[in-house]
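J.: This is the structure I have questions about; it appears just below.
The values are calculated or read from the model by the stated rules, or taken from the named source; none is laboratory data. Keep in mind it's a predicted model, so treat the numbers as computed, not measured. Every residue, glycine as well, gets a Cβ built from its backbone with ideal geometry; the counts of neighbours run over all protein chains shown.
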Amino acid sequence: MKKGNKPRVAVWKFASCDGCQLSLLDCEDELLAVAGAVDIAYFPEASSAMGKGPYDISLVEGSITTPHDAERIQQVRRVSGLLITIGACATAGGIQALRNFADVKAYTSIVYATPEYIQTLRKSTPINDHVFVDYELHGCPINKNQLVEIISATVTGRKPNIPPHAVCIECKQRGLPCIAVSQGIPCMGPVTHAGCNALCPAYNRGCFGCYGPMESANPDSLSAWWVGKLKVHRQDVMRAYRTFNAYADQFRKQSEAHEK
């Protein structure tokens, strides 16, 4: 990018529900602060204008689930300066990564009348399994304020200020009592990356792990406490880790450890 030119931004979709792209569209007021600094050249969800690459920044939503996806992400990487993955699908395979623990062919034969026409990979994998990723933004969906922070930080050439701590810290910041300790409600908060402002605990429900494993998480300890103290069945522990971020490395290993 030449000095003085606006960074050209592209937004790409792979296997996903579009929720993270909608979070970007929901940033109307927040994006006013940075909209003048970037040129959104390619964003099919929002505009029919399809500016050709190369792009300075690519935001990628969704996981790789088909042979065509695997080829297309290589093309995206080639025309992108910085590649930023957004959301649980792009960073951990998404809810569709539940296929990774099952027989995909068995499911397609049940669901589709003509399964021979279905071309799909055996696993749903995150983008960084296929190409180099410069930055990952977690969440299902992502936190729109964190997205704006990443865009503004990239434009100004500084490191994004995204909190690395767990949801538990957000509970403390909101003055919420720990529902796991006070009520014995299983909660993924101690191992889950912050970003939701402790939404579920605020409504007296355990965290579901929407933002994936936090940095330096200790799921071994949490799982042992659930089983030993809260008397949670091992199958339920497995299911707790197999949701939006089922194929995130730390969550995957925990679910597999409690599968039998």
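J.: Which is touching a residue at least 40 places away in the same chain (Cβ under 8 Å) and surrounded by fewer than 15 Cβ atoms within 10 Å (Cβ to Cβ), of GLN119, GLN96?
T.: GLN119
This table checks each residue for (1) crowded, with 23+ Cβ neighbours inside 10 Å; (2) in contact with a helix residue (DSSP H, G or I) (Cβ under 7 Å, 6 or more places away or on another chain); (3) not charged (D, E, K, R).
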site	(1), (2), (3)
PRO190	no, yes, yes
CYS200	no, no, yes
TYR211	yes, no, yes
GLN235	no, no, yes
ALA248	yes, yes, yes
PHE251	yes, yes, yes
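J.: If you don't mind, another one. Does the range 117-128 contain at least one residue that is aliphatic (A, V, I, L, M) and assigned to a loop (DSSP other than H, G, I, E, B)?
T.: For the range 117-128, residues aliphatic (A, V, I, L, M) and assigned to a loop (DSSP other than H, G, I, E, B): present.
J.: Enumerate the pairs (first residue in the range 148-164 and surrounded by fewer than 10 Cβ atoms within 10 Å (Cβ to Cβ); second residue anywhere and at pLDDT 85 or above) with beta-carbon separation below 7 Å, excluding pairs fewer than 6 apart on the same chain, so at least 6 apart or on different chains.
T.: The qualifying pairs are LYS159/ALA153.
J.: Only one of ALA41, ALA10, ALA33, ALA70 is out of contact with any strand residue (DSSP E or B) (no Cβ under 8 Å at 6 or more places or on another chain), of a type in the set (A, V, I, L, M, F, W, C) and either at pLDDT 90 or above or not in a strand (DSSP E or B) (or both); which?
T.: ALA33
J.: Here's a check for you: in the range 42-61, which residue that is closer than 11 Å to VAL11 by Cβ and in contact (Cβ under 8 Å) with a residue 40 or more places away in the chain is nearest to the chain's Cα centre (by Cα)?
T.: Filtering first and then ranking leaves GLU61.
J.: Sticking with this one: Scanning for something within 26 Å of GLY189 (Cα to Cα) and touching a helix residue (DSSP H, G or I) at 6+ places or on another chain (Cβ under 9 Å), does the range 109-122 turn up at least one residue?
T.: no
J.: OK, next. With the condition kept exactly as written, say whether any residue in the range 97-109 is part of a helix (DSSP H, G or I), on the phi < 0 side of the Ramachandran plot, of a type outside the set (D, E, K, R) and touching a Leu at 6+ places or on another chain (Cβ under 9 Å).
T.: Yes, the range 97-109 contains at least one residue that is part of a helix (DSSP H, G or I), on the phi < 0 side of the Ramachandran plot, of a type outside the set (D, E, K, R) and touching a Leu at 6+ places or on another chain (Cβ under 9 Å).
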